[in-house]
1. Check the stretch 288-295 and report whether any residue there is buried (at least 21 other Cβ atoms within 10 Å of the Cβ), modelled with pLDDT of 95 or more and among the charged types (D, E, K, R).
2. Please note which strands (runs of 3 or more DSSP E) are completely contained in the stretch 320-388 and include at least 1 residues that are at pLDDT 95 or above, open to solvent by 40 Å² or more (accessible area, probe 1.4 Å) and of a type in the set (Asp, Glu).
3. Going through the stretch 273-300 one residue at a time, which ones are in a strand (DSSP E or B) and over 16 Å from the mean Cα position of the chain (by Cα)?
4. Taking interchain pairs and intrachain pairs at least six residues apart, which have beta carbon atoms under 7 angstrom, with the first residue in the stretch 288-305 and under 15 Å from Arg177 (Cα atoms) and the second small (Gly, Ala, Ser)?
5. Please count how many residues of the stretch 169-202 are in contact with a strand residue (DSSP E or B) (Cβ under 6 Å, 6 or more places away or on another chain) and within 17 Å of Leu123 (Cβ to Cβ).
6. Would you mind telling me which numbered condition in (1) among the aromatic types (Phe, Trp, Tyr); (2) surrounded by fewer than 21 Cβ atoms within 10 Å (Cβ to Cβ); (3) in contact with a helix residue (DSSP H, G or I) (Cβ under 9 Å, 6 or more places away or on another chain) Phe182 fails?
7. Please identify the pairs in which a residue from the stretch 48-70 that is on the phi > 0 side of the Ramachandran plot and touching a residue at least 40 places away in the same chain (Cβ under 8 Å) has its Cβ atom under 7 Å from the Cβ atom of a residue that is surrounded by fewer than 16 Cβ atoms within 10 Å (Cβ to Cβ) and not in a strand (DSSP E or B), counting only partners at least 6 apart or on another chain.
8. Could you check, for the stretch 112-121, whether at least one of its residues is open to solvent by 60 Å² or more (accessible area, probe 1.4 Å), closer than 22 Å to Thr22 by Cα and not small (Gly, Ala, Ser)?
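The values are calculated or read from the model by the stated rules, or taken from the named source; none is laboratory data. All of these numbers come straight from a predicted model, not from anything done at the bench. Virtual Cβ from ideal backbone geometry, glycine too; neighbours counted across all protein chains shown. Heads up: the accessible areas ignore ligands, DNA and RNA and are worked out on the full protein's heavy atoms, side chains in. Shrake-Rupley method; radii C 1.70, N 1.55, O 1.52, S 1.80 Å.
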Amino acid sequence: MTTVIKPNLLSQDEALSLVETTVKKSEAEGIVVSLSNDESSLSRYSENQISQNITKTKFELNITSYFGTRSATASTTELDLDAITATIRRSEELARIAPQDPEWVPLLEPQEYEKRTPAFDELTATISPLERGKIVQQVCAMSAKAGVDGSGTLSTNTFSGAIANSVGLRAYNKYTRADFSFTARIENGSSWSRSTAWGINQLPTETLTEELINRAFSSREPREINPGVYPVIFSGAALGDLLIWLIFNLDARAADEGRSFMSRTDETGKPVGNRVGEKMFSPLVQMQRYPGHPLLQLETFSNNGLSNHYLEVIKDGVPQTLSYSRYWAAQKGKEPTGYMFPVVMQGSEQSLADLIAQTERAVLVNRSWYVRYVNPRTLEMTGMTRDGTFWIEDGKIAYPIKNLRFNQVLPDMLRDVDAVSKVQRYGDSVLPGLRVKAFNFSSVTDSV
């Protein structure tokens with residue numbers, strides 16, 4: 001029998017009642033109330049044994065009061081009505097003396113959200129530390145039997161949130177997520193990957209563990225290759241740690257003001273708008289904001305209350321839109337979009353093994369590590385490969401290679417995509433593996 005625990009969370013009725021009561025207690029000209037009530041559980045393991053097993057419940061109520069174009073926010077982590085009332089009054093006191101906001105926008109009117117319910121898995125929300133521990137125990141037993149050091153995490157999260165304001169906006173969401181990560185190490189070989197789902201039973205913990213153990217053995221005694229420009233095949237997990245930087249930088253205001261790789265400038269370098277509508281990437285690059293994707297099924301609204309609906313971001317290699325805040329949308333006569341998360345990149349029916357089999361020579365990257373800016377304006381990034389980097393020759397993995405540091409302009413990388421694989425979920429993104437024709441490695445590193 002599976003042991004379960006009851007989540008220590010507010011119900012939908014309780015959450016909406018609380019934000020409604022808070023709005024009614026306001027003495028300001030306007031008020032916005034947002035509530036987040038989340039429960040997260042984590043089992044951490046290293047050297048083939050559990051090292052940590054914790055559960056944390058978080059409650060936070062944020063209250064923003066408005067007097068004309070002045071506003072201020074105060075927060076509380078207490079459910080007590082007196083504490084909430086005191087927080088309301090504190091936000092009002094601060095708002096009365098706050099400077100006027102030159103980028104003030106009116107409160108958000110009631111919104112139309114997608115008619116769907118985010119995924120909520122009862123087992124993921126209620127599974128006990130003991131049951132999580134049994135899953136980890138099996139993973140550790142597989143590692144020990146194979147003679148590798150296994151480490152990683154197994155986590156479950158239940159997210160709930162509500163928002164309300166004094167012009168009638170009301171919304172509530174609840175959903176679950178489970179995540180498994182595993183690193184296998186033996187001698188000078190290592191491998192890593194992760195898997196994420198909305199239900200814990202969807203995680204392929206044993207299959208992924210076996211795959212990564214085998215990869216760790218294969219990665220021992222790596223050879224050194226010269227730095228340079230090579231074709232590269234990225235796993236979806238490795239792509240995720242690169243692509244997130246591009247998504248962060250799809251901001252309309254930064255582009256229009258000349259601060260982004262999406263900026264368009266004249267011959268003098270003066271900003272003249274953005275590059276939406278230009279063919280910038282390979283036609284294989286198809287990206288959407290798609291929280292309703294079957295592998296995601298996330299919230300229907302963002303934390304500012306805007307609809308988190310489906311949105312074409314890049315189609316056939318051509319950017320379709322950028323992220324518009326409410327203020328910048330008003331300045332440019334556009335509809336506000338909110339953030340570009342969660343991102344889904346379209347793939348194909350091919351596996352990563354199929355991509356390898358079709359490749360004459362390339363570097364296989366299974367993890368991108370410590371990725372950081374070199375030049376935010378061009379989106380040139382640096383980072384390292386890690387946990388299993390291989391040389392591909394004549395459609396086969398030939399041998400492991402030492403890890404490499406890269407310096408690469410991400411838009412150029414996406415321009416050079418010539419193949420994609422099936423998609424999987426990593427965190428809150430759905431991504432394929434992909435092959436690029438040219439990727440710049442600048443040096444060899446000593447990282448494992």
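1. Taking every residue of the stretch 288-295 in turn, at least one turns out to be buried (at least 21 other Cβ atoms within 10 Å of the Cβ), modelled with pLDDT of 95 or more and among the charged types (D, E, K, R).
2. Once the strands (runs of 3 or more DSSP E) in the stretch 320-388 are filtered for at least 1 residues that are at pLDDT 95 or above, open to solvent by 40 Å² or more (accessible area, probe 1.4 Å) and of a type in the set (Asp, Glu), what remains is 380-385.
3. Within the stretch 273-300, the first condition is being in a strand (DSSP E or B), and the residues that meet it are 273-274, 287-289.
Answer for the stretch 273-300, where residues must be in a strand (DSSP E or B) and over 16 Å from the mean Cα position of the chain (by Cα): Gly273, Asn274.
4. Gln297/Ala119
5. 12
6. Result: Phe182 fails condition (2) only.
7. Here the result reads Asn48/Ala144, each pair linking the stretch 48-70 to a residue that is surrounded by fewer than 16 Cβ atoms within 10 Å (Cβ to Cβ) and not in a strand (DSSP E or B).
8. No, the conditions are met nowhere in the stretch 112-121.
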